[in-house]
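Comments concern the structure below.
The values are calculated or read from the model by the stated rules, or taken from the named source; none is laboratory data. Model, not experiment: these values are computed from the prediction. Only protein heavy atoms, including side chains, enter the accessible area calculation; ligands, DNA and RNA are left aside. Shrake-Rupley method; radii C 1.70, N 1.55, O 1.52, S 1.80 Å.
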Amino acid sequence: MLRDGYAGAPDRVALEVPGSPVVTYRQLDERAAAFAGALEAHGVAAGDRVMCQVPKSVDAVALYLGCLRAGAVHLPLNPSFTSEEVAFFTADAEPALFVTEPGTPPQAVPSLTLDGAGGGALVEAAAGAEPVAEPRARSAGDLAALLYTSGTTGRPKGAMLTHGGLAANARALHEIWGFGPADVLVHPLPIFHVHGLFVALHCALLSGCEVLFLPRFSVAAVLGALDGATVMMGVPTYYSRLLADPRFDAEACATVRLFTSGSAPMTAALHHAIAERTGHRVVERYGMTETGIITSNPLRGDRVAGTVGYPLPGVEVRVAGPDGPCGPGQAGMVQVRGPHLFAGYWCLPERTAADHTDDGWFVTGDIGHLDESGRLTLEGRAGDMIISGGENISPREIEACLDEAAGVVESAVVGQPDPDLGEVVVAFLVGDPDLDPAAVARTLDGRLARFKHPKRYVVVDELPRNAMGKVQKTELRTRD
Ligand code: MLC
Ligand code: AMP
């Protein structure tokens, strides 16, 4: 399906990494076919998971497409995950192959290397393998990808994403955001999440347009890419950082037709400040790993700051409380139904059932309300999940590590408001009288990816609890 977007013009530019030769759709296609051949030569069969922990690069995109070509299930991981964290995914997903950067500690499965500069054992294997010219037959209900999301229990859950679900979401976004072959997409997002991998890349591939593929987000790189670009997608932190640079103005965005934001709330103040400086009203949209994009502000029509807009074509959204569906303006749990939903959590049928209502709606965990016209506003989350710079972080996972540190009696981890990252991780510790937070912090090294490490530690005599003995995290979220 993705190949339909560029089938008529394979020599158009697909990916351009600044400072490197451009890569055409034909070249990307050939690389994907060669990688698929290498995967098969290493025993990967349709339905097998291929776990990938590689730097963002053109080859990483070709690897994703190569997995699809071989009928395998793509399982991308954040390169900053520690070996201990990766071991969990290895045991849970039982991948047939681990594709990783040279020098990464081994996992208990066969592996091939891929670096960010066009080299590695996968590349060598691809040179000697028979390319897979046509995608292996798969049906809409077959798995295309397994993306893990931080669970409220602390144990990441693998969301099983199907070919049909990804295709439905890609088609809907392509349509509502008016993508076409003349677009030039600025891509600063990581490609181990739904946002950078599916939302951004699928829109581009479906329209056969050019992608300015930045290795990572930086203000300088985005400012350098905006001239001539037509679309950029990002998390709110990208926009607040851009706004802090006076060069981000109407002139810098002169060729842009669309900025989108999501993965975390964009404040109305940030939305308005961007509009004032650049003349652009960011299209805020709302999504989840399990669902892809659910709602979006309209391309044509009112883009209302602080709201996430209307359900995508084919998607149904309702807000429900304990007594059933809520009326307009009434806050409740956001529930969703539609063709783009995941097929359940990997090996967790009970969790999957618990997150669905009896009549088949997926319960998102987000609290919000609909207005009379069906426009959704989010108000927060039901659990205590932290979203920092668009990364979901489970407090429980951090608390479990902190509680094991010498001298710690108990801990509570919360997200506190932060002007840059939206929320930052803060740890409250109860412990021995001579407890040294720096020593506690060091115990997380090598255990948890750095982005999960608390940015601040506070030693307290006791944690605030309610009458039931439950830690009052709401109070800690605002405590110094
Ligand atoms: C990096 N660090 C973070 C962090 N990212 N800390 C908290 N939260 C984050 N998100 C830490 C690093 O561990 C490091 O810590 C220090 O910050 C500097 O690292 P860096 O790599 O230089 O950071 P930076 O480039 O500034 O990264 C921040 C960021 C990045 C916001 C640019 O996190 C990012 O691109 N986020 C996007 C995430 C995303 O794509 N989310 C989509 C989820 S999909 P130290 O201690 O080592 O110095 C989804 C569905 C949907 O939610 O709707 O889209
Ligand atoms: P993830 O599990 O990483 O896919 O993150 C999904 C979560 O990100 C959602 O459940 C929301 O809580 C949050 N999210 C995504 N987009 C938005 C948005 N535009 N505004 C507020 N929260 C958002």
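Divide by every residue of the chain the summed helix terms, -39500 (n - 2.57) for each DSSP H run of at least 4, and state the resulting mean residue ellipticity at 222 nm, rounded to the nearest 500 deg cm²/dmol.
Working: 13 runs with 121 residues, N = 480.
Result for the chain, helices only: -7000 deg cm²/dmol.
With no solvent and one point on each alpha carbon, what is the Debye value of log10 I(q)/I(0) for the stretch 1-141 at q = 0.12 Å⁻¹?
Those come out to -0.46, one per q.
For the stretch 380-434, which whole percent of the accessible surface, found with a 1.4 angstrom probe, sits on carbon and sulfur atoms?
48
Would you grab the residues whose amide H sits under 5 Å from the one on residue 20? Only those 5+ places off in sequence or on another chain, please, with H modelled 1.01 Å from N.
Here nothing satisfies the definition.
If you restrict to DSSP beta bridges whose two residues both lie in the stretch 343-470, what percentage is antiparallel, to the nearest 5? Walk me through the intermediate numbers first.
Values: 19 of 23 bridges.
Taking every DSSP beta bridge with both residues in the stretch 343-470, the antiparallel ones total about 85 percent.
Can you tell me what percent of all Cα-Cα pairs in the stretch 351-462 are more than 17 Å apart?
Roughly 62 percent, rounded to a whole number.
With the full set of protein chains in place, find how many percent of the accessible area of the stretch 105-216 is carbon and sulfur; take the probe as 1.4 Å.
Roughly 58 percent, rounded to a whole number.
Kindly provide the pair-distance distribution of the stretch 270-329 built from C-alpha pairs, with 5 Å bins from 0 and whole-percent values in order of increasing distance.
Percent of pairs per bin, in order: 4, 16, 20, 21, 18, 11, 6, 2, 1.
Quick one: grab Rg to one decimal and Dmax as a whole number for the stretch 309-360, Cα atoms only, in Å.
That works out to 12.5, 37 Å for Rg and Dmax.
Assuming a viscosity of 0.692 mPa s and a temperature of 37 °C, what translational diffusion coefficient in µm² per second does Stokes-Einstein assign to the stretch 244-292, Rh being the Kirkwood radius over Cα pairs?
After rounding, the answer is 276 µm²/s.
Can you give the relative contact order of the chain as a percent, counting alpha carbon pairs under 8 Å and 6+ residues apart?
Relative CO of the chain lands at 12 percent.
What whole-number value in cubic angstrom gives the convex hull volume per residue for the C-alpha atoms of the chain? Show your work: numbers first, answer last.
Values: hull volume 72.3 nm³, N = 480.
So the per-residue hull volume is 151 Å³.
Which of rounded, prolate or oblate describes the stretch 335-406 when judged by the alpha-carbon gyration tensor and an a/c cut-off of 1.5?
In terms of gyration-tensor shape, oblate.
What is the log10 of I(q)/I(0) for the stretch 180-299, computed with the Debye formula using one identical point scatterer on each Cα and no solvent, at q = 0.20, 0.23 Å⁻¹?
These q points yield log10 I(q)/I(0) values of -1.16, -1.57.
Which ³J(HN,Hα) values, rounded to whole Hz and listed in residue order, are derived for the stretch 97-111 from phi using the Karplus coefficients 6.51, -1.76 and 1.60 in 6.51 cos²θ - 1.76 cosθ + 1.60 with θ = phi - 60°, glycine and proline given as x?
8, 10, 9, 8, 5, x, x, 6, x, x, 10, 7, 9, x, 9
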